[in-house]
Amino acid sequence: MKPYIAVVTDAFREALASRVLWIVSLGVFVFLAVLAPLGLRDEVTTQFKRFDVTSSQRLKSLLENSARSTRDTAASQVVNALDPDLQTRLRDAGKPNVKRLRTHEVLDGLNNLLDEQDWYDAELWKSTTRLSELRELDQADAESLNEVQQRRRNRLRLEAALPGAFHPRSGDSVRLRYAMFDFPDAFVLTRTQFVEILNKIALPLIVNLLLGVLGVFIAILVTGSIIPEMFQSGSLQLLLSKPIGRSLLFLSKFLGGCSFVFVNITLMIVGLWLIVGFRLQIWNHNLLLCIPLFVFLFIVYYSVSAVAGLIWRNAIVSIAVTVIFWMACFLVEVTHEIFDQFVAQPATIRQIAQTDGDLFATTQKGEVIRYGQSDSHWQTVLEAEFGSGTRAMGPLVIPQAQQVLVAQIRGGRFNPFSGSNDTLQLLTEQENWKPIDGISLPPGTREMFAGADGSLIVYGTRGISRAGNTLESESTEAPATGMLSGLLSMLKSETAGFTVISPTDLSLDTPMSVAGVPTSQSFVVYTRGRLIRLVAGDDQKLAIDREINLSGAANQRAAIAATARQLVIAREDSGVEIYDLQSLEKLHDVPLDTVGKPTQLNTPADGGDRVAIRFADKTVQLFDTSTGKPLSVSVPKQGSITSLDWIDSQQLLIAYDLDRALTLDVSTGEVIQQWQPGRDVWRIVQDWIVRPLHAVFPKPGELGETVEGIVIGEREIEAGPPSEVDLAYDRRILKIWQPLLNCGVFTLLMLGCGCYYVSRQDF
């Protein structure tokens, strides 16, 4: 054993003799020294910032409506306390020659109220939804509160008066500082936000760039000569004169280079961990697990360098071959990502529905498509410009009217609220499924569904609205355009063709979700931690019948669905729960066996006691809502399911593998019908060339996802800007074990080839 240890030590000493190593080590110490003065200072969240605003349009609309209203409300009390010039501009907004109100001006006006107390009226604020923190501060003795606590209380009062206009933020904030100097106000964050940014963005980015790219590249330069120098005249003969095998000699030299890298990576990671822990008071012990991970990443590239050094016995060639391998891995990964972003994802079905044998769907790109039975291809009904961020709502089947309803929300993937010019599109068999312009949707529309009587129901920031009998557009007036069109439409009490049916005392604040109760005129609502059941009167107007406050954070996004007897709610951090529809008493916690969070709930329109839950990892589970237990049926195509819809209580329509579909009998588990559309040239190239090549090629670049998952401590992350109202925003399941397995097999194969080569050569 001693000869092998001597070889490892000798290889380590060779690496230590490199000047590049000492330059790199000095660079690591300098980087850590520069980073060390970074620290935090605790603050209380008081002032409103631009990123606190959920929707500038909603904030201005609330203030402008209150400025014009004659009712005494908490919002009108706030407006009356603002600067007189600001009050005038709020009342006259939209009129000619009136300067447009800027968001920063509104925020400045509200921030000026934080130091005043005379504008608050306890009676007016009783009707607002107040957070527990505000209730505690209101109950406290005014003299016991210091100046900062009073400013915090005033901020919470303003948030309560303007519901849904601001993101709720914890009172504990932190300000970044460097040595004795504070960063600007833009760097003031809540501690939770700062921890998330540090762990989910900053630390993975730093370690991936410095160690995963720069560090590994420099390590290859430093260790690239270790194997070739072993074959210099006299060196190999001296080593082989000792009782040592050729293969083990090669592996010992390889291990010596790895031990050198281990020391330097440990220095970097431990130094970063100590700085983050002592200076920022965030002890992320998962960061230490990155040490063996980055050593493994180096081993993957070094195995190529070592085998190249064996064959050509030249350090420059060894490094060049490793760089070529690096570039090949990068090109394969980039090609796969390009095809995924530009070919696969735009064609992915987001929602699907069936009517009388015709299949309709909306895609990730925002297009509306229909399956053509004659040619077995998806046919585009409504196009969408690539990269426009269009979000398609629907398809919504109205059996009573034999119509399919869809709508395209421009910029909807980035702005979840509809604008003033978004119109309904009607598809009918009589018109050969060509789109017919319908009535304009109410501004702020989030989603639409069919009522029990076949009427169109929409909901959003304007509340819940019911469409009239006529859905086709009858207006010949051109829609308003320009910068003020959206604001002017928000000021209208109702949109032509729609009637607001939600209670006047119900404010649908984000996050929100609304669902109709099958076979009844009732609705269930989730809004900012509240669960509400609404019932319709003789005039079809809704009234609050029962309401409860849910446990857990009120700002959790959620999806809600109802059967005839139960309602099901899925919240991003509280799992899936089943409640009794009449009493709103909790019945069951749904047992989940999946790594992804729920993104879609679906219940049958006939009121059957079943719910289908789709998760971020594209799997689906079926449950009996009366017992809370899973159904015994096995759902096919798990891991590739993109959407689902109940045809009735016995049949489930499933979209899978981007644009394929099937109908499943949930009683027997039998696939009743399948739709497998033909694929164009680019999809064929992706399926037969890009994907197989990506599957078999080593993927060291994907080890960055492993690093990300280890540092974050989660397997699921947000893959895009999260919606304040939608549970089903883009999520991504991190590949933690697949890159390790793939790269591990490749490394063993390379080292095996190196051992075989060195044992068969006559040196």
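Relative to the longest principal axis of the Cα atoms of the chain, the long axis of helix 147-161 makes an angle of roughly 60 degrees. Residue separation of A320 and R50 scaled by 0.36 nm, minus their Cα-Cα distance, works out to 92.2 nm of gained length. Treating r as the C-beta distance of E547 and Q402 and R0 as 51 Å, the FRET efficiency rounds to 0.85. In the chain, what percent of the accessible surface is made up of carbon and sulfur (1.4 Å probe, ligands and nucleic acids excluded)? On the chain, the fraction of accessible area on carbon and sulfur atoms equals 55 percent. Model label points for E229 and D538, set 7 angstrom from Cα along the Cα-to-Cβ axis, are 9.8 nm apart.
The convex hull defined by the C-alpha atoms of the range 355-407 has an orientation-averaged projected area of 3.8 nm².
Calculate, for R177 and Q379, the FRET efficiency according to 1/(1 + (r/R0)^6) with r their C-beta to C-beta distance and R0 56 Å; round to the nearest 0.05. Efficiency for this residue pair is about 0.40. With a simple spin-label model that places each label point 7 Å from the Cα along the Cα-to-Cβ direction, the separation between L38 and E105 comes to 3.9 nm. Would you mind getting me the FRET efficiency between R530 and L289? Use the beta-carbon distance for r and R0 = 56 Å, nearest 0.05. The value I calculate is 0.85. In a fully extended conformation the segment linking V681 and Q87 would gain 207.8 nm over its present Cα-Cα distance, using 0.36 nm per residue.
Here the contact order of the range 533-607, divided by its residue count and restricted to Cα pairs under 8 Å and six or more residues apart, works out to 24 percent. Computed extension gain for S583 through A564, at 0.36 nm per residue and net of the alpha carbon distance, reaches 5.5 nm. The mean sequence separation of alpha-carbon pairs under 8 Å and at least six residues apart, normalised by the residue count of the chain, gives a relative contact order of 11 percent. Dividing the radius of gyration of the alpha carbons in the range 492-643 by their Kirkwood radius gives 0.99 for Rg/Rh. Per-peptide packing, taken as the mean over residues of other Cβ atoms within 10 Å, places 694-706, 514-526, 28-40 in the sequence 514-526, 694-706, 28-40 from highest down. Return the Rg/Rh value of the range 42-157, two decimal places, where both radii are evaluated on C-alpha atoms and Rh is the Kirkwood radius. On the Cα set of the range 42-157, Rg over Rh gives 0.97. Positive contributions from Lys and Arg (+1) and negative ones from Asp and Glu (-1), summed over other residues with Cβ under 13 Å from the Cβ of D657, come out at +4. For the peptides 147-153, 440-446, 648-654, the ranking by packing is 440-446, 648-654, 147-153, with the highest mean count of neighbouring Cβ atoms within 10 Å listed first. The protection proxy used here, the mean number of other Cβ atoms lying within 10 Å of each residue, ranks peptides 332-343, 310-321 as follows, highest first: 310-321, 332-343.
In the chain, helical runs assigned H by DSSP with n ≥ 4 each contribute -39500 (n - 2.57); averaged across all residues and rounded to the nearest 500, the mean residue ellipticity at 222 nm is -10500 deg cm²/dmol. Rolling a 1.4 Å probe over the heavy atoms of the protein chains gives the chain an accessible area of 46 Å² per residue.
With the simple model of a label 7 Å out from the Cα in the direction of the Cβ, T428 to D573 spans 4.9 nm.
The values are calculated or read from the model by the stated rules, or taken from the named source; none is laboratory data. The structure displayed is predicted, hence computed values, not measured ones. Positions of Cβ are backbone-derived with ideal geometry, glycine not excepted, and every protein chain shown enters the neighbour counts. Remember, those area values only see protein heavy atoms, side chains included, never the ligands or the DNA or RNA. Shrake-Rupley method; radii C 1.70, N 1.55, O 1.52, S 1.80 Å.
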